[in-house]
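Input: a single structure, listed below in structure tokens.
The values are calculated or read from the model by the stated rules, or taken from the named source; none is laboratory data. This one's a predicted model, so the numbers in the text were calculated from it and none came from an experiment. So basically every Cβ, Gly included, is an ideal-geometry build from the backbone, and we count neighbours across all protein chains shown. Side chains included, ligands, DNA and RNA excluded: accessible areas come from the protein's heavy atoms. Shrake-Rupley method; radii C 1.70, N 1.55, O 1.52, S 1.80 Å.
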Amino acid sequence: MSAARDAPRTDAVETAELVRTGALAAREAVAAALDRIARLDGDLGAFVHVDADGAAARAAAIDAMVARGEDPGPLAGVPLAVKELHAVAGWPYAMGSVLHADRVADRTSTIVARAVAAGAVPVGLTASPEFGRASFTASVLHGVTRNPHAPELTPGGSSGGSAAAVASGMVPLGTGTDGAGSLRIPASYCGLVGFKGTYGRVPRGPRHRGTAENDHYGVLTRTVRDTARFLDCVCGADEYDRASLPAPPIPFETALDREDLRGLRVAWSPDLGCAPCDPEVAAVVEDAAKAFIAGTGAREVPAGLRLESCGAAFRTLSVPDVHAELRNAPDDRLGSVHPTVRRYGDAARALDADALVDAHEARARLVETLAEAFGRFDLLLTPATQAPAFPAEGPMPTEIAGRPVDHWGALAVTFPFNLSGHPAVSVPAGWAGGAPTGLQIVGRRHEDARVLAAAAAFERLRPWPAP
């Protein structure tokens, strides 16, 4: 079989190195990805826009660079899916909403622009629920996105389109966002790597509008090394994002092989002391956690965690961002907005200063609790999701392990680390309820390299099969 036919099944790093050395033409890698999208996506609904002509032109330009002896970059010729919450100039920019069904982007998000500068080839936009406000991927505008491992189940959300595209082998990389778990949950349900860096790790400019300060940008991949290479291409301070952080002194890909995990204090918690967890999920992930500790030479210590419930605080802090999308919407379109999004609008009208102060104080208490906890351990292991994948059409679980849960109760092991800004990654741990489930590894703020190295170590201990 030719390298071109294998291209969609290779990882991003492998594809890039083949293209850079001339062993594989970028146009072949991209053509193969487009062929798989055409054949597979009708059953999955991962893509909402495909730009075959633009991708082919970009690939041809990369091949011309290689022919001239120029280095096209560390992501040379790698087909890239872009979550529809990320703007690409000239492409649709609906953000999954009927309110913006006809909008076209007049700019390109920094994360995409930097990936393209590194040689990646955007092939299309992937589905998100409306404004990314659900942990399953379905919208009035685009319909339902399905899990490649079990099409009756959700790939998670809100980056479910990118997760389905990568997990099915259509592309090696898909951008994503994580406001409450939206990278880690799809990674968990699709058997992928989903990394949410320290707050500000991946810049969100230009023209990012957000007041909650909990949204993180990133990528979904099949390997930790692919994640590290992508991050090395897109991280670094951006004058258009006041929260953006400088690039680390040692590249993430290099640090994967330098971090020594022996003797690290590692804690396991199935529930953060406050959340129900499905017994099957808990058993699978605890087995993975024990394997990680034994296989890396780390030292298990008690978690001793009991986080206070922060769901009300998270909702309060998130309300203004959704209100910003709704406040100028025509009345004749508001009726088509998903009820979850409309409820944010209702909450915005009832918001007062006391609620905002209470939410910020709850966040401060969470940060203090986690600061004390990370004085006792170096890494925290938890399930990446509390429940197995549920039906693709939704709704989210309302009961877990026999206990009723609301929207935030079903995300209780992910969204606290959005509020606190800690780096966290989901890596495949096993299977529960007919789909994959993930191990979440959380580290101290700014210790992103250690979290990624831990994920890579677990990946070596428990390799996950290619699609």
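The magnitude of the dipole of the chain, with charges of +1 and -1 set on the Cβ of Lys/Arg and Asp/Glu and taken from the Cα centre, is near 400 debye. Ligands, DNA and RNA left out, the accessible area of the range 316-467 computed with a 1.4 Å probe is 53% carbon and sulfur.
Can you tell me the relative contact order of the range 78-228? Whole percent, Cα pairs under 8 Å, sequence separation 6 or more.
Working: 376 pairs, mean separation 32.6, N = 151.
That works out to 22 percent.
Of the labelled figures (i) 27.7; (ii) 29.7; (iii) 20.4, only one reflects mean projected area of the Cα convex hull in nm² as derived from the coordinates, namely (iii).
Sort 332, 71, 448 from largest to smallest accessible area, using a 1.4 Å probe on the heavy atoms of the protein chains. Spell out each step's value before the answer.
Details: 332 130, 71 95, 448 0 Å².
Per-residue accessible area, sorted high to low, gives 332, 71, 448.
Note on the chain: antiparallel DSSP beta bridges, both residues inside, total approximately 70 percent of the bridges counted.
Under a 1.4 angstrom probe, counting protein chains only, how are 306, 445, 58, 343 ranked by accessible area, largest first? Don't skip to the end; give the middle numbers.
On the way: 306 185, 445 90, 58 65, 343 125 Å².
Order by accessible area, largest first: 306, 343, 445, 58.
Based on Cα contacts under 8 Å between residues 6+ apart, the chain shows a relative contact order of 17 percent.
Is it possible to state the helix-based mean residue ellipticity at 222 nm for the chain, with each DSSP H run of 4+ residues giving -39500 (n - 2.57), the sum divided by total residues, to the nearest 500 deg cm²/dmol? What is it? Intermediate values should be presented prior to the final figure.
Values: 16 runs with 176 residues, N = 467.
Taking each H run of at least 4 residues, the total per residue is -11500 deg cm²/dmol.
Which of 249, 338, 443 sits closest to the plus end of the dipole of the chain, meaning its Cα is farthest towards the positive end, when Lys and Arg get +1 and Asp and Glu get -1 on the C-beta? About the Cα centre, the residue reaching furthest to the positive side is 249. Each residue was assigned an accessible area with a 1.4 Å probe, and for residue 111 the value is about 0 Å². Considering only 369, 424, 407, the residue lying farthest towards the positive end of the dipole of the range 346-464 is 424, judged by Cα position with unit charges set on Cβ.
Highest mean packing first, where packing is the average number of other Cβ atoms within 10 Å per residue, the peptides 203-212, 427-436, 371-380 line up as 427-436, 371-380, 203-212.
Of the residues 398, 180, 72, the one whose Cα sits farthest towards the positive end of the charge dipole of the chain is 72 (charges of +1 on Lys and Arg Cβ, -1 on Asp and Glu Cβ, taken about the Cα centre).
Accessible surface ranking for 274, 190, 1.4 angstrom probe, highest first: 274, 190. Taking the accessible area of the range 182-274, probe 1.4 Å, and keeping the other protein chains in place, the carbon and sulfur fraction comes to 47%. Remark: the range 344-441 carries a charge dipole of roughly 320 debye about the Cα centre, counting +1 on each Lys and Arg Cβ and -1 on each Asp and Glu Cβ.
Here r is the Cβ-Cβ distance between residue 301 and residue 364 and R0 is 22 Å; the resulting FRET efficiency, rounded to 0.05, is 0.30.
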